[in-house]
Every structure is written in C-alpha cells, then in structure tokens.
Amino acid sequence: MEFICDKEITYDTVVKATYTILKDSQTNLPEDIIDALKTAKKDEMSDLGKAHLNAIIDNIELSSQKGIPMCQDTGILVFYVDIGKSLTLNFDISDAIKRGVDKATKQIPLRPNSVHPITRINSGNNLGEGIPDINFDVFDGSGLKLTVAPKGAGSENMSALRMFNPNTPISTIDDFIVETVLNAGGMPCPPVIVGVGIGGSFDKSARLSKKALLRDINSMNTHELSVLKKINSLGIGPMGTGGKYTAIGVLINKAFCHTASLPVAINIQCWANRHSSILFEA
C-alpha cells in the first residue's frame, strides 16, 4: 500500500511514517500479490497445493483483520528512500528511520532478527551496524518517499549470483534462473516471486534483483512470462508439495555493465512479498 502524508517533513513525522509502513507491510500484502495468489488457488490442479494456497490466503486475511504480522519471520528490514532534488532536511533521516524501527520492534511487535555476523549476538531491536539496509535515490521535486521491504531468511538464503561471460545468450541466463528456483525447492515457501538483476556490477546486480520485487507483477513482459512458465513446469508447487504454481511472478531489472562483464543476480521472495510506502508531498 502507498500512503500519502500531507504533514511537514520533520524528524518526528519520519519516525511515525516508518512505524506506519512497517506495520502495514507486516499485516497487509499488496493487491497484486493477493490477486495472484487467489488466481493460483482457483487454477491449481493439485488438491494439496490448493489447500496450501487456501491456508495462505486465510492467513493473509487474519493478519489484516487482527493487525498482527502474517509471518513469524518479520524479516531483515530494507528501506528505499527517494528524496526530492529540491528538498532540504535539517535532521538525520537515517537516525529517524532507525528510531521508527526500534519503536515498531517493541510495539507491533517484530521479531528481533538482527545479529552480529560472527558472534551471532542479537541486538534485540532489529538495529545494528549496517542494519536496517537504507538505500537512497533522488527524484524531481521537493517530496520524500519511504518504502520498506521486509525480507525473510528462508527465501533470502536461496538467492544466487553468477558472473557470466559477456557473450552468454539470454537462454543460458533463463536456465540459470530456472535452475536456481529448482535448487531452492520448497525452502523459500512457494509460490515465490523471483527478482532478477541483469547487468551493473557484482553488487549492483544484487540490488537490482531485490528492488525488482517492488514491481507490480502485472507489469511482467513477454520474456518474464516465458521464464515464469518454465519455472511452473518444474512441478515444485505450493509449499514444495507438488502442483502447478511454483511461482507467481518473475521480475527482471537491467542496468548497463562493463564490456567484459555480465553479472546476473537472483533474489527469491516467498509468497509474502511484503512492502509498503509513504509519500510526503511538498
């Protein structure tokens, strides 16, 4: 969901906005995802697969009604901050977002998922060095848009990146995408949404693949639909128990890259493709 906020952009309003989109993302899925899951439920050939999809949809509805997170894994928190070129802020927006995360962790509540990579000590509030992951971009105007996309570990762990030879045909890249989903099996809680980043650099391709998951799945082009068809021919099915719907979307973002390089990253998302935005109009 995207909220519109007509309040002044201050430290406190950003804290409140962060809490608002965190609560919304954890308790409401975007309509394109809900519609795709309902279509999958209607068309699924496997009785067990249909039962899983029915349980998923019931879970989504209960989460919205009761205002509680739809999954116990409330994810690692990824933010996208789009700032108007003519906007001037007199406060640290990253600090305001972190304060909103701390508030949301305590009050929604969210499961504390942020741990030190070596000691595995949990910070207790979903904060830590480099976390939340805050990505900045600019646009024309003087407004501000905040987007959060919580990412669970079950699907994140199934992601992959490969540096291809620059003359690699697109058919080989397609095979890599399908192979990655096949290797993931039921681990990422299918039906999944597959984000793909082609081009850029080693790290940019990964960022492209994750940001692709924010796209409306109704925007899939002919190529993306053809890859989706190949994935669904695998027969992994809902929750990995067999069936027609292994995935409900394949979303590919591209960027120009070095003449000697062709990075391809795949970020697999579970059925709970959670994200929410708020736009401050100025």
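The values are calculated or read from the model by the stated rules, or taken from the named source; none is laboratory data. Model, not experiment: these values are computed from the prediction. Heads up, the Cβs are rebuilt from the backbone with ideal geometry, glycines too, and the neighbour counts pull from every protein chain shown.
Return the residue satisfying two criteria in turn: it lies in segment 21-32 and is assigned to a helix (DSSP H, G or I) and of a type outside the set (D, E, K, R), and of such residues it is nearest to L146 (Cα to Cα).
Taking segment 21-32 as the starting set, the residues that turn out to be assigned to a helix (DSSP H, G or I) are 21-27, 31-32.
Within this subset, residues satisfying the condition of being of a type outside the set (D, E, K, R) are 21-22, 25-27.
Numbers: I21: 8, L22: 11, S25: 12, Q26: 15, T27: 17 Å.
Within segment 21-32, the match that is nearest to L146 (Cα to Cα) is I21.
Residue-by-condition table, conditions (1) surrounded by fewer than 20 Cβ atoms within 10 Å (Cβ to Cβ); (2) in the same structural domain as I217 (by TED's automatic domain parsing); (3) touching a residue at least 40 places away in the same chain (Cβ under 8 Å); (4) among the charged types (D, E, K, R):
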residue: K7; (1), (2), (3), (4): yes, no, yes, yes
residue: T10; (1), (2), (3), (4): yes, no, yes, no
residue: T13; (1), (2), (3), (4): yes, no, yes, no
residue: K16; (1), (2), (3), (4): yes, no, yes, yes
residue: L22; (1), (2), (3), (4): no, no, yes, no
residue: S46; (1), (2), (3), (4): yes, no, yes, no
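Among what's in segment 38-55 and is out of contact with any helix residue (DSSP H, G or I) (no Cβ under 6 Å at 6 or more places or on another chain) and among the hydrophobic types (A, V, I, L, M, F, W, C), pick the residue that is nearest to D216 (Cα to Cα).
A55
Could you check segment 109-219 for strands (runs of 3 or more DSSP E) lying wholly inside it with 3 or more residues that are of a type outside the set (A, V, I, L, M) and surrounded by 14 or more Cβ atoms within 10 Å (Cβ to Cβ)? Show your work before the answer.
Details: elements: 133-139, 144-148, 160-164, 192-199.
Output list reads 192-199.
Does T172 satisfy the condition of being outside the structural domain of V81 (by TED's automatic domain parsing) and in contact (Cβ under 8 Å) with a residue 40 or more places away in the chain? Working first, answer last.
Working: outside the structural domain of V81 (by TED's automatic domain parsing): yes; in contact (Cβ under 8 Å) with a residue 40 or more places away in the chain: no.
Criteria not met by T172.
Output the number of residues of segment 86-134 satisfying the condition of being touching a helix residue (DSSP H, G or I) at 6+ places or on another chain (Cβ under 7 Å) and not aromatic (F, W, Y).
The initial filter retains those residues of segment 86-134 that are touching a helix residue (DSSP H, G or I) at 6+ places or on another chain (Cβ under 7 Å), namely 91, 93, 96-97, 99-101, 103-104, 108, 110, 112, 125-127, 132, 134.
Next cut, not aromatic (F, W, Y) only: 93, 96-97, 99-101, 103-104, 108, 110, 112, 125-127, 132, 134.
So the count comes out to 16.
Have a look at T18, T13 and point out the one that is out of contact with any helix residue (DSSP H, G or I) (no Cβ under 8 Å at 6 or more places or on another chain), modelled with pLDDT of 95 or more, assigned to a helix (DSSP H, G or I) and of a type in the set (S, T, Y).
Working: T18 fails: out of contact with any helix residue (DSSP H, G or I) (no Cβ under 8 Å at 6 or more places or on another chain).
On inspection, the qualifying residue turns out to be T13.
Which one of D82, D73 is of a type outside the set (A, V, I, L, M, F, W, C), touching a Leu at 6+ places or on another chain (Cβ under 8 Å) and buried (at least 17 other Cβ atoms within 10 Å of the Cβ)?
Only one candidate passes the filter, namely D82.
For residues in segment 263-282 being of a type in the set (A, V, I, L, M) and touching a strand residue (DSSP E or B) at 6+ places or on another chain (Cβ under 8 Å), which is modelled with the lowest pLDDT?
A282
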